1. Go through the chain and flag any cysteine with no other cysteine's C-beta closer than 4.7 Å, please.
2. Once the Cβ-Cβ distance between Glu370 and Thr326 is put in as r, and R0 is 22 Å, what FRET efficiency do you end up with, to the nearest 0.05?
3. Please give the FRET efficiency for Glu436 paired with Ile531, using the beta carbon to beta carbon distance and R0 = 22 Å, rounded to the nearest 0.05.
4. At 1.4 Å probe size, what's the solvent-accessible area of Lys134? Round to the nearest 10 Å².
5. What translational diffusion coefficient, to the nearest whole µm²/s, does the stretch 213-313 have by Stokes-Einstein, given a Kirkwood radius computed over alpha-carbon pairs, a temperature of 20 °C and 1.002 mPa s viscosity?
6. Please return the longest stretch of the chain lacking exposed loop sites, where GluC sites (Glu not before Pro) count only if DSSP places them in a loop and at most 10 other Cβ atoms lie within 10 Å.
7. Starting from the Cα of Val462, move 7 Å in the Cα-to-Cβ direction to define the label point; list residues of the stretch 493-521 whose amide nitrogen is under 19 Å from there.
8. Using a 1.4 Å probe over the heavy atoms of the protein chains, calculate the carbon and sulfur portion of the accessible area of the stretch 215-299 as a whole percent.
Amino acid sequence: MKNIRQLLVQCLQAAGGSGIALPSGGVSVSVVNELLDTGGFDEEIFLSQLSALIGLTWEAAPIPDAADSPELKRLVPARVALKHRLVPLKLIEEEGKKHPKLLIAVSDPFDLIARQAVAREVDAPVRWCLAPRKRLLLALRDFYGIGADTFDEILKGREVDAAELDGRDEANIIDEDNEEATVVKFVNQIIREALDQQATDIHVEPMEDKLRLRYRIDGRLKELPVPDNIKQLQQSVLARLKVMAKLDIAERRLPQDGRINLQIAGQFIDVRVATIPSVEGESISLRLLGQQKFTLERLHIETDLRTEIEILLKKPNGIILVTGPTGSGKSTTLYTFLSQLNTEHRRIVTIEDPVENKLPGVVQIAVKPEIDLTFAVGLRSILRGDPNVVMIGEMRDLETAEIAVRAALTGHLVFSTLHTNDAIGGVTRLIDMGVEPFLVASAVRAFFAQRLVRVLCPACRVADPDAVEKLRELGYTAPLTVPVYMAKEGGCEACRRTGYRGRMAIYELVRLTPKLGELIMHKARQQDIQIQAIKDGYRPMREYGVRKILSGQTTIEEVMSVTVADGDS
């Protein structure tokens, strides 16, 4: 024991953790894991030093050999590997030996319980090596698939009964310690992993030979590694999700919509659920909506634009339209505006399809076409309810637009969205819908357009050597006085090897000034409207994006992918 303590102290000193005390009461079988939990030192230096001192091979990047994967999974069951945090790497042929040795990576060489479990379960001679714990955990998930230990236990012959599919009346608590291997636990693991990876959506998609799971992370879809035989549990997984969303599990021919209230670590997560019948079975999509606080600070809006927005929010009436394609963050922006206005002196009423986030103190109505509760019908009833501020989820037709205009002209502040490519395109869209140009000029206060771009990982971003030429394509010709960054290929552990962490919005704002109003009333061309808007202070979204590039927050490629140059269609 004394020698082990000396080894650990020596390794901690090399890794910069000399001030960390070893666990009291002697060296336990999991002492290394206890030390790693404390943090405060370089994990890789500590473990690599330890491997050299005790004579074990060091594996900096533990990735199982894909060619040997079926055999490796057979030799080391998922329940053993995941429980004891060990990864089978490869089979090593040795001269003169009848059976190859199995190389297994661990992060704690003194974990005797793990060694005993391997001795009982693995029918092969074993050679041990050390690897970083963080990378081991990622390799385990990628190799076996999420929830593989639970999946193995379920397939051991246990029947999936109705009790496993029962939902809870209030919130589904997904962080409870459930030792039993059930479909409930398996589905909880899928959702918990999505929350850990900060995914915004989960897609469960039946295919001919497998059940595909995909997460949308930072706007990009990423396929999730899953157990090999997950297709066997397809109906049970889909049924569990439908029960959680209080949907009809017997109805598989028609689309259905529902919601799930989740609770994890005391935090409530609202989940929108939509089912789509397909030839291979029902596809289920889950939109994860955290109970977030909507503040202007969270939008990271540049100071000058924020000042203009605050002026607009103080207007007593008029229409403010947020434009952009689906998934560009329009709803988040609208909720933020409403939160700024949500005081005891204002009555705020919304009509949405569906209600994405619940705002305390705001009356929110969900559209229900099956009972003829449309945007237009709901909006009429809202105006009879003495509101100060009205939010319409989307202006889809002339009837809704005309009622919104009438509301704005009679003293209400109205917010809504439009699907257009840019802010100025909102003018054309309203007129194409049939709204008279003089009403557009009189009622609309501003068009606000936005797109989402990925944010560079500050831990691994690198300088962009071709920044000057790329910026010239964006129309920026001024001398560079600050470094311009790009995403590092392969990223780092902090950004899940993507080079990006999170997303942010880039914006453009067109305020309807008197001169713009005159052009609109005379049905001027969009190009003429844009020229006047620029004279009145309008700055295109691409120019706003360049400012975010120069501040080191995003990349040239991200801005180019969501914006167009002047004159482009």
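The values are calculated or read from the model by the stated rules, or taken from the named source; none is laboratory data. In this text, all values refer to a predicted model and were calculated from it rather than measured experimentally. Backbone-built Cβ (ideal geometry, glycine too); neighbour counts: all protein chains shown. Areas reflect the complete protein model, heavy atoms only, side chains present, ligands, DNA and RNA absent. Shrake-Rupley method; radii C 1.70, N 1.55, O 1.52, S 1.80 Å.
1. Cysteines lacking a close Cβ partner in the chain: Cys11, Cys129.
2. Working: r = 23 Å, r/R0 = 1.03.
The value I calculate is 0.45.
3. Once the sixth-power term is evaluated, E becomes 0.40.
4. We get 120 Å² for Lys134.
5. Values: Rh = 16.7 Å.
D = 129 µm²/s.
6. Values: sites that count: Glu93, Glu95, Glu159, Glu170, Glu179, Glu208, Glu344, Glu489.
Value returned for the longest uninterrupted segment is 345-488.
7. 493-501
8. Working: 2160 of 4260 Å².
Here carbon and sulfur together make up 51 percent of the probe-accessible area.
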